[in-house]
Amino acid sequence: MTIELISKENHDKLMKFYNERTNLFLQNKGYEGINKDTLTEEDKKAIQEIEEILNNSIVGFSRFQNFRESKKYKEPEIRLQYNYGAEEEGAMYFIGVGYILISELLNGFKK
């Protein structure tokens, strides 16, 4: 996954959504997703903003799925769909699930 680092302002927006938009949080254990029937207009607007931030930062970004807590790092994480072949010219187009810590969008990947 190739990313362009986001601004502190966009990081703070993502953290605000993580903390306040509880309908967008799901500690998924498999393929289940957030219940779209419970989304408010504010949730839908938040998803649009989240997707705009991620689209500008992640090569091949496709769709926001949910927020969750990282099992390994115990910090806020985003579950998303992205094109695994987007970084290589002529690569096969394949949309799949990916996870990224919100802090990695600001500071770069953990080692």
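When both segment 60-111 and segment 1-59 are represented by their alpha-carbon centers, they are found 12 Å apart. Length gained on full extension, VAL59 to ASN35: 6.0 nm, using 0.36 nm per residue less the C-alpha separation.
Partners of LYS45 within straight-line reach, counting lysines whose Cα lies under 19 Å from its Cα and excluding those fewer than 8 residues away in the same chain: LYS13, LYS16, LYS36.
Which of rounded, prolate or oblate describes segment 36-111 when judged by the alpha-carbon gyration tensor and an a/c cut-off of 1.5? Oblate, because a/c is 1.5 or more while a/b does not exceed b/c.
Rounded to the nearest 20 debye, the dipole magnitude of segment 25-111 is 460 debye, with +1 charges on Lys and Arg beta carbons, -1 on Asp and Glu beta carbons, and the Cα centre as origin.
Take each peptide in 35-41, 1-7, count the other Cβ atoms within 10 Å of every residue, and average; sorted highest first, the result is 1-7, 35-41. Taking the C-alpha atoms only, the angle from helix 41-57 to the longest principal axis of the chain is near 20 degrees.
Identify the residues of segment 82-111 with backbone N under 17 Å of a label point that sits 7 angstrom from the Cα of GLU9 along the Cα-to-Cβ direction, or state none. Of the residues in segment 82-111, 106 have backbone N under 17 Å from the label point off GLU9.
Only the coordinates and a few stated rules stand behind these numbers; no lab work does. Because the structure is a prediction, the values reported are computed rather than measured. Glycine also receives a Cβ, built like all others from the backbone with ideal geometry; neighbour counts cover every protein chain displayed.
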